[in-house]
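Everything on this sheet refers to the single structure shown next.
Every number in this text was worked out from the coordinates using simple rules, so none of it is lab data. None of these values were measured; they are calculated from a predicted model. We place every Cβ from the backbone using ideal geometry, glycine too, and count neighbours over all the protein chains shown.
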Amino acid sequence: MTIIDTPSWPALLERQHGMASLAQLRDCGVSWSAVVARTKAGRWRRHLPRVYATFTGPPPREARVSGALLYGGARAVLSHRTAAEEWGLLRHEDGPIHLTVPYGTSAVSQPGLVVVHRSRAFGHIVVASDPPRTSLGDTVIDLAAAEGDVMEARRTLVALLTTGRVGPDHLRQRLLERPPRRHRRVLADAVALVRDGVHSALEELYASDVEAAHGLPAGRRQTPTSVDGFTLYEDVTYDHAGADVTIRLDGRTHLADGTAFRDRRRDNAAELAGRARLVYGWKDLSSDPCAAAREVATVLIRRGWPGRPTRCARCA
């Protein structure tokens with residue numbers, strides 16, 4: 001039987017974006033010698049062990065995803081960064097396709113093409129989707145748990161939680177049901193931080209590297225304030241610690257007209273109320289959180305905070 005005479009062949013290639021496994025080729029009547037001949041002629045290309053691209057040129061992302069799933073086997077699912085891209089949590093980037101497979105599967109990572117993860121909780125983390133992938137909550141947990149250190153794990157979790165695609169209560173439940181092997185305590189703390197009002201990775205950076213690292217009081221997050229009949233929200237306030245101090249965290253790269261107007265109203269209201277205000281952006285806190293901590297501590301003490309800051313390991 002030839003490829004052209006096989007009725008299922010065109011549909012198979014369309015569904016798998018031009019990728020086919022060796023087993024599928026055999027089922028369609030393609031002999032090993034025919035595979036070798038087409039590969040040597042440059043009409044096909046071996047993409048992964050036992051997986052062939054039936055076209056020339058670099059494979060697009062959809063073809064690489066299909067090829068990776070074929071390589072991983074019938075139970076393989078997208079996970080980690082690739083699943084996050086499918087869920088819309090992260091932008092698509094060139095790089096290896098991440099798969100999770102059950103223990104006992106023979107697939108191993110292929111440098112530059114596929115990263116294979118294994119999970120003992122495999123049956124509890126997969127959702128029905130096309131292409132198959134880990135659930136939204138488990139994808140977030142996997143990405144954060146894969147980070148090399150606890151601070152990056154915490155920051156990754158907060159950044160993904162604050163996209164609004166997955167809620168902290170759902171993730172807290174998933175952490176209880178399926179605790180990760182790495183960074184378990186830190187991830188639980190990060191979820192609690194978001195539940196307490198942290199709305200962005202910049203706010204997490206301020207909470208961890210400025211406040212917690214330097215013994216400053218934990219500020220109140222997203223404090224409502226009334227301005228001209230409108231309810232606006234301050235990023236961090238310290239009235240509960242005895243100091244009428246407001247911290248503004250500006251994580252935007254540009255100001256939309258409505259946002260700029262809202263910030264001016266907040267600034268004017270704070271000035272009229274006699275409140276102290278400090279403003280920090282991502283560059284300020286990521287490059288020198290210790291300097292920001294010194295400034296915040298100085299203003300807090302000046303405005304009535306009875307405590308004293310501490311030095312962190314990075315303080316000069």
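Distance between the pseudo-spin-label points of residue 311 and residue 103 (7 Å out from Cα toward the beta carbon): 4.8 nm.
How far is helix 150-161 tilted off the main Cα axis of the chain, in degrees rounded to 10, range 0 to 90? The helix 150-161 is inclined about 80 degrees to the chain. In this Cβ point-charge picture (+1 for Lys and Arg, -1 for Asp and Glu), region 9-136 has a dipole of about 420 debye about its Cα centre. Computed over every Cα-Cα pair of the chain and binned at 10 Å starting from 0, the pair-distance distribution P(r) comes out as 5, 21, 23, 18, 14, 10, 6, 2, 0 percent. The angle between the Cα long axis of helix 61-72 and the longest principal axis of the Cα atoms of the chain comes to about 70 degrees, rounded to the nearest 10.
Taking the Cβ of residue 21 as the center, what net charge do the other residues with Cβ under 13 Å away carry, scoring Lys and Arg +1 and Asp and Glu -1? The partial results should precede the final answer.
Values: positive: 15, 26, 46, 50; negative: 27.
Every neighbour counted, the sum reads +3.
The orientation-averaged projection of the convex hull spanning the C-alpha atoms of region 9-136 amounts to 8.0 square nanometres.
Could you please report the charge total around residue 294, scoring K, R as +1 and D, E as -1 over all other residues with beta-carbon less than 14 angstrom from its beta-carbon?
Working: positive: 302, 308, 311, 314; negative: 209, 211, 284, 288, 295.
Overall, the nearby charge balance is -1.
If only the Cβ of Lys and Arg carry +1 and only the Cβ of Asp and Glu carry -1, the dipole of region 132-206 around its Cα centre is close to 260 debye. Averaging the sequence gap over all C-alpha pairs within less than 8 Å and six or more residues apart, then dividing by the number of residues, gives the chain a relative contact order of 10 percent.
In the elastic network of the chain, a GNM with C-alpha springs shorter than 10 Å, the most mobile of 162, 56, 246 is 56.
What's the local net charge at residue 193, with K and R +1, D and E -1, over the other residues with C-beta under 10 Å away? The partial results should precede the final answer.
Details: positive: 154, 195, 221; negative: 189, 196, 203, 204.
Spelling it out: positives minus negatives among the neighbours equals -1.
Between the helical axis of 136-145 and the longest alpha-carbon principal axis of the chain there is an angle of about 80 degrees.
Helical content alone sets the calculated 222 nm signal of the chain at -12000 deg cm²/dmol, taking -39,500 (n - 2.57) per DSSP H segment of four or more residues and averaging over every residue. Which Cα, out of 285, 58, 191, lies furthest along the positive dipole direction of the chain (beta carbon charges, K/R +1, D/E -1)? Sorting the options by dipole projection puts first 58.
Give me Rg over Rh for region 138-199, both radii from the alpha carbons and Rh done the Kirkwood way, two decimal places. The Rg/Rh ratio comes out at 0.90.
Let me check against my output: what whole-number percent is the relative contact order of region 17-97, with C-alpha pairs under 8 Å and at least 6 apart? Relative contact order for region 17-97 comes out at 28 percent.
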